[in-house]
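The values are calculated or read from the model by the stated rules, or taken from the named source; none is laboratory data. This is a predicted model, so every value here is computed, not measured. Every residue, glycine as well, gets a Cβ built from its backbone with ideal geometry; the counts of neighbours run over all protein chains shown.
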Amino acid sequence: MTDDPLSSIVFALKQHHLIPDVVPKDFTPSVLFSIIWPTGAQALLGNFLTIEEAQDEPEVSFIPLTVPGGSEVANDVTYTLVMTDPDAPSRADPKYRQWRHWVITGLKIPSAATEDVAAVKTKPSTTPYQPPGPPPGSGVHRYAFLLFEEPAAGIVIPRGAVEHGAKHERRGWNAMGFGDRYGLKLVGADFFLVRAVG
């Protein structure tokens, strides 16, 4: 592991094979963010959480960077965050890879005038948050958060898009393909693990 937080992200993604299962091999993070649930649980690059700890929609916060290669998060930039499970229904048989758990667009950093560090949610979730729910006996699941920078004009996901779809349409999704479709640039990533019961 390395002391550089950006290098630590890539190291952890490779260690858990999220590079290349979800994230491209040439990914270079430039924005740090944190995911914290109302229970106080936090995604920490591959820590284990329980289903109960991650039940409700988490808060997203941007973390200022003071490392070489890092970029300060600009106030006028908007972001899209997705949460995806590449291990659906199991890592041994990922026939539903990826399962889309959450898509929210229009995230902004809070104004410098406020002490709040949580991202401002300017739009409702496109895909409402679905907590982890690995099938019994399916082993360990990786739940990845990918942060994308939106184009200057932001993005609009049409009502008929699969990201607005019903629960059964959450499977077989591709986060990077989604990003490509809407001109998004991957700038950050984090993840956590959940062990299925049984």
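For the stretch 17-32, the set of residues classified as crowded, with 19+ Cβ neighbours inside 10 Å and at pLDDT 95 or above consists of LEU18, ILE19, VAL22, VAL23, PHE27, PRO29, listed by residue number. The requirement of being surrounded by fewer than 23 Cβ atoms within 10 Å (Cβ to Cβ), modelled with pLDDT of 95 or more and closer than 21 Å to LEU32 by Cβ is fulfilled somewhere in the stretch 88-103, by at least one residue.
From the residues in the stretch 104-123 that are part of a loop (DSSP other than H, G, I, E, B) and either charged (D, E, K, R) or modelled with pLDDT of 95 or more (or both), which one is farthest from the chain's Cα centre (by Cα)? Steps first, answer last, please.
Our first condition is that a residue be part of a loop (DSSP other than H, G, I, E, B); within the stretch 104-123, this holds for 109-117, 119, 122-123.
Still in the list and also either charged (D, E, K, R) or modelled with pLDDT of 95 or more (or both): 115-116, 123.
Values: GLU115: 24, ASP116: 21, LYS123: 17 Å.
If we take residues in the stretch 104-123 being part of a loop (DSSP other than H, G, I, E, B) and either charged (D, E, K, R) or modelled with pLDDT of 95 or more (or both), then GLU115 is farthest from the chain's Cα centre (by Cα).
Residues that are over 19 Å from HIS16 (Cβ atoms), aromatic (Phe, Trp, Tyr) and surrounded by fewer than 17 Cβ atoms within 10 Å (Cβ to Cβ) occur in the stretch 124-139; there is at least one. Scanning the stretch 159-181 for residues that are farther than 25 Å from PRO131 by Cβ and either at pLDDT 95 or above or within 16 Å of the chain's Cα centre (by Cα) (or both) yields ASP180, ARG181.
Comparison of PHE178, PHE191 shows that the only residue that is assigned to a strand (DSSP E or B), aromatic (Phe, Trp, Tyr) and buried (at least 22 other Cβ atoms within 10 Å of the Cβ) is PHE191. Scanning the stretch 1-16 for residues that are surrounded by 13 or more Cβ atoms within 10 Å (Cβ to Cβ) and assigned to a loop (DSSP other than H, G, I, E, B) returns ASP4, HIS16.
Taken over the stretch 31-56, the criterion of being charged (D, E, K, R) and either touching a residue at least 40 places away in the same chain (Cβ under 8 Å) or within 17 Å of VAL187 (Cα to Cα) (or both) is satisfied by ASP56 alone. Taken together, the residues in the stretch 165-175 that are exposed (fewer than 14 other Cβ atoms within 10 Å of the Cβ) and closer than 26 Å to SER61 by Cβ amount to 0.
Per-residue answers, yes or no, for (1) touching a residue at least 24 places away in the same chain (Cβ under 8 Å); (2) part of a helix (DSSP H, G or I); (3) among the hydrophobic types (A, V, I, L, M, F, W, C); (4) farther than 18 Å from SER61 by Cβ:
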| residue | (1), (2), (3), (4) |
| --- | --- |
| SER125 | yes, no, no, no |
| PRO136 | yes, no, no, yes |
| HIS141 | yes, no, no, yes |
| PRO151 | yes, no, no, yes |
| GLY154 | yes, no, no, yes |
| ARG159 | no, no, no, yes |
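In the stretch 1-30, the residues that are aromatic (Phe, Trp, Tyr) reach residues that are outside any loop (DSSP other than H, G, I, E, B) with C-beta atoms within less than 8 angstrom, at least six apart or across chains, in these pairs: PHE27/VAL10; PHE27/LEU13; PHE27/ILE19; PHE27/LEU186; PHE27/ALA189.
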